[in-house]
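Read through the structure below, which is laid out as structure tokens, and then see the notes.
The values are calculated or read from the model by the stated rules, or taken from the named source; none is laboratory data. These numbers were taken from a predicted model, which means no experiment stands behind them. Quick reminder, even Gly has a Cβ in these numbers, built from the backbone with ideal geometry, and neighbours come from all protein chains shown. Areas reflect the complete protein model, heavy atoms only, side chains present, ligands, DNA and RNA absent. Shrake-Rupley method; radii C 1.70, N 1.55, O 1.52, S 1.80 Å.
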Amino acid sequence: MRGFRIGKAFGIPIEVNASWLVIFGLILWSLSAVLFPATLPGQGDALYWLMGLGTTLAFFGSLLLHELSHSLVSRHFGLQVRRIILFIFGGISEATEEMPSAKVEFWVGIAGPLMSVLLGVLSGGLSLLAAGIGNDPLTVVFQWLAIVNIALAVFNMLPGFPLDGGRVLRAAAWQITGSHRRATRIATRGGQIIAGLLLAWAALRFVNGDFLGGVWVGFLGYLLFQAASSSYGDLVIKDALSRVGVADLMSRNVTSLHPEMTVRDAVDSTLSRHAFGGYPVADGHVHGILQANDVKRVPAGEWPRLRVTELMKPLDDTEVLSPQTPVSEALERFNRLGVGRLPVIQDGELVGILSQSDVLRWLEWHPEAAK
Ligand SMILES: [Zn+2]
């Protein structure tokens, strides 16, 4: 999922997906234009929108603290956290590695809901305090934050993967059965059942004439069903591929270009004879990657005068693999960069190339992993 970076917390990049802006706007509007005028009549519009903005920002902060708890507990157990991303469905704290044990998964999973409960109780206390000093706007604002944070904790603790409760369920099943795969099966099944219940509830709201509520709950159910169904297959494959190294699957025979070559030579000797998207430019050491599409963009008349080094993309650390990298991580890299192959480099030297089709071929011959 794509997101734009809004900042960093404890060294963890915080990103927001464009879909989150929709939710931000929707909450801001429904609080400022509907809920607050109804619960606290007779005030000016400016006050309602100020309350709405403050509450929406505090809600945003609550979500962030929820995800940050997952991230910090992950990091406490030595897992690397790549980023936190907020989107229409809430947030995700992305760790790069699989959970090493049931105990770690349990604490990582429960950390977010615990934070939400804490924030709910805190907001409830502040609401009582505000009521005590007779400040009605703050009473209403903190009341809403208390309810929403508790609701967030309850919803997230529903026992179905990929919700937090599903992670806790998987940790428990993992501890009891000793099998990570069976535990995943149970937890994703739970996710599908909860999604089914949400869809049934959505239908009920439709029947009762609550159209908007029905759409919202139905959408939530649909997303959860998708996520639960795909995560079982994904996890099994990822599990299998995390035990295979790039060196085992890569092709050692790499079609590369010499840095001294002109683009004309490269086209005649190589590009017109293969169907690859990119070619490493190397003379032992790798200088960069020449993309076929970049060559096509330059008029053919200029090819004889241009060297491949002038047109190639210089190598960036993230755009190469090492022979020891697990294949599961290489796949993530393919997805993130939107490329189909990556050069494999050891001590600055080109030792092979790994493509998505190498991985697919391997999976084809290891049906027990792809199942
Ligand atoms: Zn969570």
Sort through ARG243, ARG305 and tell me the only one that's at pLDDT 85 or above and surrounded by fewer than 15 Cβ atoms within 10 Å (Cβ to Cβ).
-> ARG305
Search segment 340-360 for residues that are closer than 19 Å to ALA292 by Cα and pair each with any residue that is part of a helix (DSSP H, G or I) and open to solvent by 40 Å² or more (accessible area, probe 1.4 Å) when their beta-carbon atoms are under 9 Å apart and the residues are at least 6 apart or on different chains.
-> GLY340/GLN356; GLY340/SER357; ARG341/GLN356; ARG341/SER357; LEU342/GLU319; PRO343/GLU319; GLN356/LEU331
Say we look at segment 157-177 and pick out the residues that are open to solvent by 50 Å² or more (accessible area, probe 1.4 Å) and within 11 Å of the ligand (Cβ to nearest atom); which of these is farthest from LEU220 (Cα to Cα)?
-> ARG167
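Just to be sure, is ALA202 open to solvent by less than 20 Å² (accessible area, probe 1.4 Å) and in contact with an Asp or Glu (Cβ under 7 Å, 6 or more places away or on another chain)? Walk me through it before giving the result.
Values: open to solvent by less than 20 Å² (accessible area, probe 1.4 Å): yes; in contact with an Asp or Glu (Cβ under 7 Å, 6 or more places away or on another chain): no.
So ALA202 does not fit the description; no.
Would you check if ASN149 is of a type outside the set (Val, Ile, Thr) and open to solvent by 30 Å² or more (accessible area, probe 1.4 Å)?
Details: of a type outside the set (Val, Ile, Thr): yes; open to solvent by 30 Å² or more (accessible area, probe 1.4 Å): no.
In short, no.
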Within segment 178-189, can you find the residues that are open to solvent by less than 30 Å² (accessible area, probe 1.4 Å) and away from the ligand (no atom under 16 Å from the Cβ)?
-> ALA183, THR184, THR188
Keeping to segment 17-33, report how many residues are touching a residue at least 60 places away in the same chain (Cβ under 8 Å) and closer than 20 Å to PHE219 by Cα.
-> 5
Considering segment 253-310 alone, what residues qualify as being more than 17 Å from GLY352 (Cβ to Cβ) and either of a type in the set (D, E, K, R) or outside the structural domain of ASP358 (by TED's automatic domain parsing) (or both)?
-> GLU260, ARG264, ASP265, ASP268, ARG273, ASP294, LYS296, ARG297, GLU302, ARG305, ARG307, GLU310
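Test of understanding: among GLN143, GLN175, which residue is over 23 Å from the mean Cα position of the chain (by Cα) and closer than 30 Å to GLN43 by Cβ?
Numbers: GLN175 fails: closer than 30 Å to GLN43 by Cβ.
None of the others qualify; the one that does is GLN143.
Would you point out which residue out of LEU198, LEU290 is within 28 Å of the chain's Cα centre (by Cα) and free of Cβ contacts under 8 Å to residues at least 40 places away in the same chain?
Values: LEU290 fails: within 28 Å of the chain's Cα centre (by Cα).
Result: LEU198 is the single residue among LEU198, LEU290 that is within 28 Å of the chain's Cα centre (by Cα) and free of Cβ contacts under 8 Å to residues at least 40 places away in the same chain.
So which of VAL141, VAL73 ends up being surrounded by 18 or more Cβ atoms within 10 Å (Cβ to Cβ), within 16 Å of the ligand (Cβ to nearest atom) and assigned by TED's automatic domain parsing to the domain that holds THR177?
Details: VAL141 fails: within 16 Å of the ligand (Cβ to nearest atom).
Exactly one residue qualifies, and that residue is VAL73.
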Among the residues of segment 109-138, write down those that are open to solvent by 10 Å² or more (accessible area, probe 1.4 Å) and within 13 Å of the ligand (Cβ to nearest atom).
-> ILE110, ALA111, LEU114, MET115, VAL117, LEU119
Are any residues in segment 340-362 open to solvent by 20 Å² or more (accessible area, probe 1.4 Å) and either touching a Pro at 6+ places or on another chain (Cβ under 7 Å) or not small (Gly, Ala, Ser) (or both), and if so, which ones?
-> ARG341, ILE345, GLN346, ASP347, GLU349, LEU350, VAL351, GLN356, LEU360, ARG361, TRP362
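What do you reckon, is ALA146 within 30 Å of ALA130 (Cβ to Cβ), in a helix (DSSP H, G or I) and small (Gly, Ala, Ser)? It would help to see each step written out before you state the result.
Details: within 30 Å of ALA130 (Cβ to Cβ): yes; in a helix (DSSP H, G or I): yes; small (Gly, Ala, Ser): yes.
Spelling it out, ALA146 is indeed within 30 Å of ALA130 (Cβ to Cβ), in a helix (DSSP H, G or I) and small (Gly, Ala, Ser).
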Scan segment 150-162 and report the pairs whose first residue is assigned by TED's automatic domain parsing to the domain that holds ALA111 and whose second residue is within 11 Å of the ligand (Cβ to nearest atom) and of a type in the set (Asp, Glu), with Cβ atoms within less than 6 Å and a gap of 6+ or a chain change.
-> ASN156/ASP164
Out of (1) on the phi < 0 side of the Ramachandran plot; (2) free of Cβ contacts under 8 Å to residues at least 12 places away in the same chain; (3) open to solvent by 30 Å² or more (accessible area, probe 1.4 Å), what's the single condition that is false for GLY213?
-> (3)
Given (1) among the polar types (S, T, N, Q); (2) buried (at least 19 other Cβ atoms within 10 Å of the Cβ); (3) not in a helix (DSSP H, G or I), GLN324 misses just (2)
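Having 2 or more residues that are of a type in the set (Lys, Arg) is the bar; report the helices (runs of 4 or more DSSP H) wholly within segment 230-311 that clear it.
Details: elements: 246-249, 263-269, 292-297, 308-311.
Here the list reads 292-297.
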